[in-house]
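Structure first, then comments.
The values are calculated or read from the model by the stated rules, or taken from the named source; none is laboratory data. Computed from a predicted structure; not experimentally measured. A quick note on method: Cβ atoms are made from the backbone with ideal geometry, for glycine too, and the neighbour counts reach across all protein chains shown. Note: accessible area is taken over every heavy atom of the protein model, side chains too, but ligands, DNA and RNA are not part of it. Shrake-Rupley method; radii C 1.70, N 1.55, O 1.52, S 1.80 Å.
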Amino acid sequence: MQLNDPSLLAALPELGVERLPSASIAERTSLAIGGTTDLLLIRRHGGLPDLIALLDRAGIPHRLLGGGTNLLVQDGELPWVLLHLVPGDTDPHLEGRVARVDAAADLGRTVTFCAKHDLGGMEGLIGVPGSVGGALRMNAGAYGTQIGSWVREVELYRAATGRIETLREPSISFEYRHTSFAPDDIMLAVKLELPCKPFSEILRDIRVCNEKRRASQPLNQKSAGCIFKNPPGASAGRMIDELGLKGFAVGDARVSDRHANFFVNAGQARCADMLALIAQVRERVRQAFGVELETEVILWATA
Ligand code: EPU
């Protein structure tokens, strides 16, 4: 979608917004799939409510693009303008055991920064790609850690009120790959209260997680992490593997040879290839195990 309303375009710089016309979203997603659209880089969070009000008044559909690491986006000209927060402070601000982190900051960098200040608890998250905001929205987790456990406060743009608000921990629910945030809320910053742990011990535990991840996940390939959520008490990866589907492909969309719940873009995969692969694998699992797998990856796509 292209923005061409002159008064709207003129208002962007005052709001701290830079427009990248017809940006390639494939270049901004870990699957390297996705069409083109105008991308609005937001450098000042304070301008967000006014920007969204302007877009809404002009009837322009919009979505927030975070780190793009858990996202499958359709091809061609996209029917939304995409907003993207540019991190203000890439390093957390520490006050005792509380780290205030910009939502646009890189998750791995945040984990390492806190570790260097003897704050642990997030060791398992070290290899999870993407932004802190994306991790919050999905309650990202790995190796027994989930980010929601450490959240004390979240600053966010609330679509329901059109304002920037602060939510405290008891009013947010964090479940397995699910949170109580509304789909169009935009995370801006978070306060994490972390347990004290010596850096050397955090480093040891980070290394263990890294080794497990390297041994079981296709880290050098283009993927969005696990495609399906694990159903209660079962492993989607194991079920797909048991059906002999590693290597099964639709075009260049392929079930990883290393971990069957990772679907990789092995070349020039299109969104439609990935959707067809998802549908076929889901159907095979349904027939064999009677289980309806739910996608974990966020779909911005029409079938
Ligand atoms: N397994 C197989 N074949 C496979 C993959 C897995 O037999 O191809 C078996 C494993 O041997 C193991 C079991 O299935 O016995 C579980 O596998 P794994 O330990 O790899 O964990 P997972 O349940 O597949 C979850 C998360 C990952 C996270 C790991 C480590 C989900 C959907 N996935 O994977 O998160 O990194 O645990 O904690 O919850 C993600 O969310 O994108 C993601 C990668």
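Values computed for the structure shown
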read-out	value
The stretch 145-303 - percent relative contact order, Cα under 8 Å, separation 6 or more	18 percent
Nearest-10 value in Å² for the accessible area of VAL281, using the 1.4 Å probe	0 Å²
Gain on full stretching of the segment that runs from LYS246 to ARG109 - 0.36 nm per residue minus C-alpha separation	46.1 nm
Charge dipole (debye, nearest 20) of the chain; +1 at Cβ of Lys and Arg, -1 at Cβ of Asp and Glu	680 debye
Rounded accessible area of LYS197 (nearest 10 Å², 1.4 Å probe)	50 Å²
Alpha carbon convex hull of the chain, volume per residue in cubic angstrom	129 Å³
Relative contact order of the stretch 16-136, defined on C-alpha pairs under 8 angstrom at six or more residues apart (%)	22 percent
In the chain, lysine pairs with alpha-carbon atoms under 28 angstrom apart (chain gap of 8 or more, or interchain)	10
Top positive-direction residue, dipole computed over the stretch 152-291 with Cβ charges, set HIS259, SER171, ILE206	HIS259
DSSP-defined antiparallel bridges as percent of all bridges, the stretch 6-85, nearest 5	45 percent
The stretch 172-238 - convex hull of alpha carbons, volume per residue in Å³	188 Å³
Distance-filtered residues of the stretch 23-49 - backbone nitrogen under 16 Å, label point 7 angstrom along LEU9 Cα→Cβ	23, 37-41
Rg ratio (alpha-carbon, reference 2.2 N^0.38 Å) - the stretch 220-300	0.98
Geometric extent, Cα atoms of the stretch 93-200 - Rg, Dmax (angstrom)	13.1, 45
Accessible area of the chain belonging to carbon and sulfur atoms, whole % at 1.4 Å probe	49 percent
Extension gain from VAL98 to TYR176, taking 0.36 nm per residue of separation minus the Cα-Cα distance	25.7 nm
Helix-only [θ]222 nm of the chain, DSSP H runs n ≥ 4, -39500 (n - 2.57) each, per residue, nearest 500	-7500 deg cm²/dmol
Total formal charge among the other residues, if their Cβ is under 15 angstrom from that of GLY35, Lys/Arg +1 and Asp/Glu -1	-2
Distance between modelled label sites at ILE164 and THR302, nm, 7 Å Cα→Cβ extension	3.5 nm
Selection from ALA234, GLN146, ILE60 lying farthest towards where the dipole of the chain points positive, charges on Cβ	ALA234
Estimated Rh, the stretch 260-303: Kirkwood, alpha-carbon pairs, angstrom	11.5 Å
Selected from CYS114, ALA272, GLY127, residue furthest toward positive end of dipole (the chain; charges at beta carbon)	GLY127
Rg in Å to one decimal, and Dmax rounded to a whole Å, for the stretch 13-80 via C-alpha atoms	12.4, 34
Residue-normalised accessible area of the chain, expressed per residue, 1.4 Å probe, Å²	46 Å²
The stretch 253-303-the stretch 231-246 distance, computed between alpha-carbon centres (Å)	12 Å
Spread of Cα-to-Cα distances over 10 Å intervals beginning at zero, given as percent, for the stretch 34-163	11, 39, 32, 15, 2
Contact order relative to length of the chain, as percent, for alpha carbon pairs under 8 angstrom and 6 or more apart	16 percent
